[in-house]
């Protein structure tokens, strides 16, 4: 039987972590919280188990073993949630990232069903914000018919991120592990081109919703700061990706960071802000539902789940 384009793309997308990740069964679930006048809804797209050698390629195994043992954790495989967020404000229903869809890696693609289970219709979304264009944050925006799931909403991405992934010769200049993902990301950006709008960190996307420059993980990565009354919450995307390492060892290179030095600087800056200003954190890959706060500990930081 001839392979379909979808099967070919699924195989290509999987090359990023081929042989490296074992799927973790996902549960269609959601979590709701209030932030002043805003309702924040966290919906699961699934979960993955990532090997330590992929996510910390430059750290000696003895150091990772010691760090995880001190925390009572097993470093052999790190479970990584993929949490997708929606924010209901007085004026908007904003989707922040779209999950990985079913073409990237086994274990993902649960978000559409989980969204329905949460009682939210896709056509009610008024804005889509992408923290960045890695597959597990972008690819789920397209359905099985190669059309966007949110046709009535502008799709916002930082101008720097959008310019980067739109480069026609990008894939050929990336490491082998990222080439197939770059091709899949470019394909999806073309599909939603008429809805894409570039944005810049610093300004409001909607009242109380602004973008924060947290670049490094990708060239134009942003986080989303919510402010309602006296309450604030940062939706971090991948600026802080692991509940132990990103906080206790923010200078360690994370395998998916595209600019390691800049990503480490963004982690440090974000951790300082969250700890100093007592801003709550909601992370895409932090333990379900991804919500907590940051505290200083032993010259670094720790994540305290809510």
Open item on the list: Connecting C-alpha atoms closer than 10 Å in a GNM of the chain, tell me which of 214, 241, 126 has the biggest fluctuation.
Closed with: 126
TODO: Within 10 Å of each residue's Cβ, count the other Cβ atoms and sort 31, 134 from fewest upward.
DONE: 31, 134
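May I ask you to give the average projected area over all directions of the convex hull of the Cα atoms of the range 157-227, in nm² rounded to one decimal?
Numbers: hull surface 20.4 nm².
For the range 157-227, the mean projected area of the Cα convex hull comes to 5.1 nm².
Under 10 °C and 1.306 mPa s, how fast does the range 134-193 diffuse according to Stokes-Einstein, given a Kirkwood radius computed over C-alpha pairs? Answer in µm²/s, whole number. Mind showing how you got there, number by number?
Details: Rh = 12.2 Å.
So the translational diffusion coefficient is about 130 µm²/s.
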Task: Over the chain: helical MRE at 222 nm, DSSP H runs n ≥ 4 each giving -39500 (n - 2.57), nearest 500 - done: -7500 deg cm²/dmol
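Based only on Cα atoms, what Rg/Rh ratio does the range 71-149 have, Rh being taken as Kirkwood's radius? Write out the running numbers ahead of the final one.
Details: Rg = 14.2 Å, Rh = 13.7 Å.
Rg divided by Rh gives 1.03.
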TODO: Find how many whole Å separate the alpha carbon centroid of the range 137-161 from the alpha carbon centroid of the range 177-244.
DONE: 12 Å
- [ ] Give me the Kirkwood hydrodynamic radius of the range 101-205, using the inverse of the mean 1/r over all pairs of distinct Cα atoms, in Å to one decimal.
- [x] 14.6 Å
Task: Gaussian network model of the chain, Cα within-10 Å springs - most flexible of 104, 145, 247 - done: 145
Open item on the list: Looking only at the range 5-305, where both bridge partners belong to it, what percent of the DSSP beta bridges are antiparallel (to the nearest 5)?
Closed with: 80 percent
Task: Calculated SAXS-style log₁₀ I(q)/I(0) at q = 0.11, 0.13, 0.15 Å⁻¹ - the chain, Debye, Cα scatterers - done: -0.62, -0.89, -1.23
TODO: Give me the distance between the Cα centres of the range 260-306 and the range 84-103, rounded to whole Å.
DONE: 21 Å
Task: Sequence-separation-based contact order of the chain, relative, with Cα cut under 8 Å and 6+ spacing, percent - done: 16 percent
Task: Relative counts (whole %) of C-alpha pair distances in the range 173-290, using bins that are 5 Å wide - done: 2, 11, 17, 21, 20, 15, 9, 4, 1, 0
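Only the coordinates and a few stated rules stand behind these numbers; no lab work does. Values in this document were obtained by computation on a predicted structure and should not be read as measured data. Counting neighbours? That spans all protein chains shown, and the Cβs are built from the backbone with ideal geometry, glycine included.
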